[in-house]
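Read the structure below first, then the notes.
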Amino acid sequence: MSDPKTVKLVDESTQRSSTLPLVAGTLGPACIDIGTLYKDTGHFTYDMGYGSTASTKSAITYIDGDQGVLLYRGYPIEQLAEKSSFLEVAYLLLNGELPKAAEFASFEHDVSHHTMMHESLKNFFQGFHHDAHPMAMLAAAVASLSAFYHDDLDVENAADRKLAAIRLIAKMPTIAAACYRYSIGWPFRYPRNNLEYVDRFLHMMFEVPSEPLQMSPVAAKALDLLFILHADHEQNASTSTVRLVGSTGANPYASIAAGITALWGPAHGGANEAVLAMLQEIGTADKVETAVKRAKDKNDNFRLMGFGHRVYKNFDPRAKIIREMTHKVLGELGVNDPLLEVALKLEEAALKDEYFVERKLYPNVDFYSGIIYKALGIPREMFTVMFAIARTAGWIAHWIEQHETPGSRIGRPRQIYVGHDVRDYVAAGKR
Ligand code: CMC
């Protein structure tokens, strides 16, 4: 029997029906194209949180949540984590293929020559209170890039789109480091273009004018690996936000700034900061049992941060890699963090617990990443900023793909209206 190519939907009350085509991708389940459903039957579909809805076709990243598979442009995340670098992965996400040596050299040259912030942009930071959250500063600073590079930007022009992508990937670490340094009252550092991407960022974060910085290669390697693992994750909330904003024709800086704000929430990228806060609150391994109990209690809004995922119902392959590297990095840096013991005990307890087993709740990418960031000397408030630096590669790749896809339309979901029926205005004195 050949695979069905259509699905028929019948409204039994009206007998109106719609024969809907199945659209197959290269991997993953085929989707029902409901584009004609409203015209044929007078109905919309309702899918709270988009649990069964594909919002776009994309050739960038593939996830099989049941098997714990993550591919960037077809390459397994495990192979990229072992063999590639963040900048090479950024090239891959943007261009679809791994670069040849000359292509990579040219990309690296371009990125390292767009790292500076406009001097006027530096002044923006002075407007923030000293304890502003770095994600607030990051979102505002990235949105304000529009003010510097908007006038000559044509989103329909491929070269302009590429330049915007290079600018964003290049400037993100500079802006991120400025957010940190502003919050601790240190002078901003200029990017050193002779350094590699991650080293350059670490220098901008930690170098002080008074003495030379000795950066550990272990720290740079660990951060590069974390950046690879966070670089893209198909249509997650922030990427979907970038695409929705991008679908209006908004410029890339505004679109990516919207992605940053979507990432900030604790259900998404903000979870890495929340995990560390939770581990610190739990404090010692003997309090793990109470935490697990609280996470299961429906009358308590405490959740195990860094656990669960909308798509992964087996394990998050990124969490597996990060878990292994946590031991290695802490060992190599000579860091003995008692929070690692709390995290290991918490994972062990949750994975044995029926509540978590039944619901297929496993540690996600954010569960161990904070312990590594902490070991690298990166403060908790900066964790989601780290995520944003890496995810910028994915966001901008999606923004470009959207602009290159023929027939792209503005994103405009419908709703089920549950408000009042039509009613007449009542004068103030008669209400
Ligand atoms: N702790 C306790 N219970 C949980 C958790 C958790 N971390 N996650 C899900 N559940 C329960 C939830 O209460 C529900 O139970 P029931 O069926 O009895 O109502 C069931 O598991 C299904 O959860 P859901 O909230 O319907 O699942 P979702 O797909 O809507 O949400 C999630 C996914 C990631 C937002 C959620 O698991 C969560 O809040 N996790 C903690 C935050 C977190 O770690 N977020 C990072 C996600 S990965 C990186 C990223 O996206 O940036």
Subset of the stretch 367-407, residues open to solvent by 10 Å² or more (accessible area, probe 1.4 Å), touching a helix residue (DSSP H, G or I) at 6+ places or on another chain (Cβ under 7 Å) and within 24 Å of Glu88 (Cβ to Cβ), comes to Leu376, Ile400, Gln402, His403
Restricting the stretch 344-363 to residues that are among the hydrophobic types (A, V, I, L, M, F, W, C) and out of contact with any helix residue (DSSP H, G or I) (no Cβ under 6 Å at 6 or more places or on another chain), the one surrounded by the most Cβ atoms within 10 Å (Cβ to Cβ) turns out to be Leu361
Of the residues that make up the stretch 24-31, is at least one part of a loop (DSSP other than H, G, I, E, B), within 23 Å of Ser240 (Cβ to Cβ) and of a type in the set (S, T, N, Q)? yes
Among the residues of the stretch 117-133, the number that are part of a helix (DSSP H, G or I) and open to solvent by 60 Å² or more (accessible area, probe 1.4 Å) is 5
If we ask which residues in the stretch 89-107 are within 23 Å of the chain's Cα centre (by Cα) and open to solvent by 60 Å² or more (accessible area, probe 1.4 Å), their number turns out to be 3
Within the bounds of the stretch 208-228, is there any residue that is open to solvent by less than 20 Å² (accessible area, probe 1.4 Å) and touching a strand residue (DSSP E or B) at 6+ places or on another chain (Cβ under 9 Å)? yes
Reported set for the stretch 33-92 where residues are of a type in the set (Phe, Trp, Tyr) and more than 29 Å from Val198 (Cβ to Cβ) is Tyr38, Phe44, Tyr46, Tyr50
By residue number, the members of the stretch 377-431 that are in a helix (DSSP H, G or I) and either charged (D, E, K, R) or at pLDDT below 95 (or both) are Arg380, Glu381, Arg391, Glu401, Glu404, Lys430
TODO: Scan the stretch 83-100 and give yes if some residue there is of a type in the set (Val, Ile, Thr) and outside any loop (DSSP other than H, G, I, E, B), otherwise no.
DONE: yes
Scanning the stretch 230-251 for residues that are of a type in the set (Val, Ile, Thr) and away from the ligand (no atom under 16 Å from the Cβ), the one most open to solvent (accessible area, probe 1.4 Å) turns out to be Thr248
_Kindly evaluate Ile256 against the criterion of being within 14 Å of the ligand (Cβ to nearest atom), within 16 Å of the chain's Cα centre (by Cα) and either under 25 Å from Leu92 (Cβ atoms) or part of a helix (DSSP H, G or I) (or both)._
no
Within the stretch 265-319, of all residues that are within 12 Å of the ligand (Cβ to nearest atom), among the β-branched types (Val, Ile, Thr) and in a helix (DSSP H, G or I), the one farthest from Lys360 (Cα to Cα) is Val275
Does the stretch 304-313 contain any residue that is open to solvent by 50 Å² or more (accessible area, probe 1.4 Å), touching a Gly at 6+ places or on another chain (Cβ under 9 Å) and either of a type in the set (D, E, K, R) or without any contact (Cβ under 8 Å) to a residue 24 or more places away in the chain (or both)?
-> yes
Note: among Glu289, Glu273, just one is within 30 Å of Arg189 (Cα to Cα), open to solvent by 30 Å² or more (accessible area, probe 1.4 Å) and acidic (Asp, Glu), namely Glu273
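The values are calculated or read from the model by the stated rules, or taken from the named source; none is laboratory data. As the structure is a prediction and not an experimental result, all values here were calculated from the model. Quick reminder, even Gly has a Cβ in these numbers, built from the backbone with ideal geometry, and neighbours come from all protein chains shown. Note: accessible area is taken over every heavy atom of the protein model, side chains too, but ligands, DNA and RNA are not part of it. Shrake-Rupley method; radii C 1.70, N 1.55, O 1.52, S 1.80 Å.
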